[in-house]
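Undergrad: Can you read through this structure? Questions will come right after.
The values are calculated or read from the model by the stated rules, or taken from the named source; none is laboratory data. This one's a predicted model, so the numbers in the text were calculated from it and none came from an experiment. Here the Cβ positions follow ideal geometry from the backbone for every residue, glycine too, while neighbour counts run over all protein chains shown. Note: accessible area is taken over every heavy atom of the protein model, side chains too, but ligands, DNA and RNA are not part of it. Shrake-Rupley method; radii C 1.70, N 1.55, O 1.52, S 1.80 Å.
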Amino acid sequence: IVGGEHRGVVTSATYEARAYGVHAAMPMSRARALCPHAVVLPTRHGRYREVSAEVMTVLGQVTPVLEKVSIDEAFLDVSGSVRRMGPPVEIARWVRAQVRGRTGVPASVGVGSSKLVAKLASSHAKPDGLLLVPADASVAFVQSLPAGALWGVGERTGALLERRGVTTVADLAATPLPTLHRWLGVAAGQRLHELSWAVDRRRVEPVRVERSVGTETTFPQDVTDHATLRAVLLEQAHATAARLRAEGMLAGTVSIKVRLADFTTLSRSRTLHAGTDLAADLVAAARALLDRVEVPPSGVRLLGLRAERLERADAGTQATLDEDPHRAEAERAMDGVRRRFGPGLVGPASLVRPRSTTAPRPGDISLE
């Protein structure tokens with residue numbers, strides 16, 4: 001099991017651990033109760049990003065028509081690569097061999113005539129395989145699956161369909177379209193009807209604009225000290241702002257997440273006057289939001305900061321009259337030092353800690 005010790009959550013689990021009911025996002029205490037003999041490993045987010053970059057480099061050698069959808073998943077349109085690299089299956093074998101050779105990580109590849117079929121095929125190829133679904137077999141393949149395999153069939157929709165006797169994609173395909181409209185609404189009913197017949201018109205989009213960038217910290221002990229929470233927000237703001245600048249993005253909204261000791265989770269957000277990639281702007285908004293949260297005597301278990309409503313920095317933004325260019329220069333200078341000498345060597349003086357301290361640090365930055 002990979003994840004935070006004791007008070008953290010499960011990031012991932014092997015198939016052996018999953019057989020005991022362990023799954024991602026489960027509290028680690030629950031995972032240990034279900035599988036007490038499991039080996040628990042800490043997360044290594046920096047290493048994950050390194051491997052992800054290597055994998056995406058391999059995929060980029062196949063085609064520039066590449067849509068990254070997560071740290072370890074992407075869609076490729078290989079129609080323009082067949083003449084150079086051979087049939088899609090040969091390309092898939094090459095990708096798997098290259099990823100294994102460069103990173104030591106297995107890669108599962110699904111080959112299909114649409115995003116839907118390719119995604120479902122890759123799921124069936126896990127944990128280390130390749131599955132081709134020919135175009136003329138797409139309908140039969142999709143309709144052989146449970147209804148929950150389709151995009152858009154989550155827990156609530158799945159339960160609704162099951163109450164009406166629809167448990168497989170074939171059942172869904174056999175349900176009259178007007179009936180699906182009545183059950184699910186016109187838009188959702190139409191979409192699921194098309195997917196049940198393997199109709200997916202979405203193209204591979206090479207450029208995906210990230211919707212948010214953020215980071216969270218789960219504390220070893222519940223925190224009641226407001227000054228500590230404000231300091232954590234400052235560190236999170238710098239980590240998030242650095243990622244925004246690296247991605248060439250500006251944030252239009254700042255939000256915070258506060259999880260109390262009793263697991264009550266509060267969210268607050270504020271829209272900024274202008275888009276920003278500066279930690280000073282992010283932390284000012286985040287601290288103002290934190291001031292609106294009444295921290296109970298039992299304290300805070302988790303604190304997170306997120307930059308939202310992202311837009312490209314090169315799209316052109318309206319500068320404010322009181323904008324101080326020196327703030328941007330200072331933060332970009334810190335970026336340069338970190339790139340050359342490594343992370344953690346430069347930052348706000350108020351965050352400098354003695355080497356012996358065990359104060360909590362923010363978790364990884366996540367893109368959604």
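Undergrad: Filter segment 65-103 down to the residues that are farther than 19 Å from K119 by Cα and open to solvent by 50 Å² or more (accessible area, probe 1.4 Å) and list them by number.
TA: Here is the first cut: in segment 65-103, the ones farther than 19 Å from K119 by Cα are 80-86, 97-98, 100-103.
Within segment 65-103, G80, V82, R83, R84, A97, Q98, R100, G101, R102 meet the criteria.
Undergrad: Right, something else. Go through (1) over 20 Å from the mean Cα position of the chain (by Cα); (2) modelled with pLDDT of 90 or more; (3) open to solvent by less than 60 Å² (accessible area, probe 1.4 Å) for R306 and report which single condition fails.
TA: Failed condition: (1).
Undergrad: Could you look through segment 219-237, keep only residues that are surrounded by fewer than 21 Cβ atoms within 10 Å (Cβ to Cβ) and of a type outside the set (A, V, I, L, M, F, W, C), and pick out the one that is modelled with the lowest pLDDT?
TA: Taking the candidates together, the pick is P220.
Undergrad: For segment 30-43, indicate whether the set of residues that are of a type in the set (S, T, N, Q), under 20 Å from the mean Cα position of the chain (by Cα) and in a loop (DSSP other than H, G, I, E, B) is non-empty.
TA: Yes, that holds for at least one residue.
Undergrad: For a quick check of your reading of the model, give me the residue pairs whose first member lies in segment 159-173 and is closer than 14 Å to G189 by Cα and at pLDDT 95 or above, whose second is open to solvent by 50 Å² or more (accessible area, probe 1.4 Å) and in a strand (DSSP E or B), with beta-carbon atoms closer than 8 Å and at least 6 apart or on different chains.
TA: Between residues of segment 159-173 that are closer than 14 Å to G189 by Cα and at pLDDT 95 or above and residues that are open to solvent by 50 Å² or more (accessible area, probe 1.4 Å) and in a strand (DSSP E or B), the close pairs are V169/P146.
Undergrad: Condition check: small (G, A, S) and surrounded by 20 or more Cβ atoms within 10 Å (Cβ to Cβ). Does G248 satisfy that? Give the steps one after another, and end with the answer.
TA: Working: small (G, A, S): yes; surrounded by 20 or more Cβ atoms within 10 Å (Cβ to Cβ): no.
No, not satisfied.
Undergrad: Ok, one more. Any idea which of V89, V99 is within 22 Å of the chain's Cα centre (by Cα), in a helix (DSSP H, G or I) and touching a residue at least 40 places away in the same chain (Cβ under 8 Å)?
TA: Numbers: V89 fails: within 22 Å of the chain's Cα centre (by Cα).
Exactly one of V89, V99 is within 22 Å of the chain's Cα centre (by Cα), in a helix (DSSP H, G or I) and touching a residue at least 40 places away in the same chain (Cβ under 8 Å), namely V99.
Undergrad: Of the residues in segment 6-41, how many are open to solvent by less than 90 Å² (accessible area, probe 1.4 Å) and within 25 Å of V300 (Cβ to Cβ)?
TA: So in segment 6-41, the residues open to solvent by less than 90 Å² (accessible area, probe 1.4 Å) come out as 7-14, 17, 19, 21-22, 24-29, 31-35, 38, 40.
Remaining after also requiring within 25 Å of V300 (Cβ to Cβ): 7-11, 24-29, 31-33, 40.
Here the count works out to 15.
Undergrad: Sort out which residues of segment 165-205 are in a loop (DSSP other than H, G, I, E, B) and more than 24 Å from S138 (Cα to Cα), and write them in order of number. Walk me through it before giving the result.
TA: Going through segment 165-205, the residues in a loop (DSSP other than H, G, I, E, B) turn out to be 165-167, 175-176, 185, 197-205.
Scanning segment 165-205 gives a single hit, G185.
Undergrad: Is there any pair linking a residue in segment 219-241 that is of a type in the set (D, E, K, R) to one that is crowded, with 23+ Cβ neighbours inside 10 Å, with Cβ under 8 Å and at least six apart or on different chains, and which?
TA: As it stands, the answer is D222/V300, since those pairs meet every condition given.
Undergrad: Take V213 and decide whether it is touching a residue at least 40 places away in the same chain (Cβ under 8 Å) and either in a helix (DSSP H, G or I) or surrounded by 13 or more Cβ atoms within 10 Å (Cβ to Cβ) (or both). Give the steps one after another, and end with the answer.
TA: Numbers: touching a residue at least 40 places away in the same chain (Cβ under 8 Å): yes; either in a helix (DSSP H, G or I) or surrounded by 13 or more Cβ atoms within 10 Å (Cβ to Cβ) (or both): yes.
The answer is yes for V213.
Undergrad: Then there's this: Yes or no: S108 among the hydroxyl-bearing types (S, T, Y) and free of Cβ contacts under 8 Å to residues at least 24 places away in the same chain? Show your work before the answer.
TA: On the way: among the hydroxyl-bearing types (S, T, Y): yes; free of Cβ contacts under 8 Å to residues at least 24 places away in the same chain: yes.
It is true that S108 is among the hydroxyl-bearing types (S, T, Y) and free of Cβ contacts under 8 Å to residues at least 24 places away in the same chain.
Undergrad: Which numbered condition in (1) at negative phi; (2) open to solvent by less than 70 Å² (accessible area, probe 1.4 Å) is the only one that P176 fails?
TA: (2)
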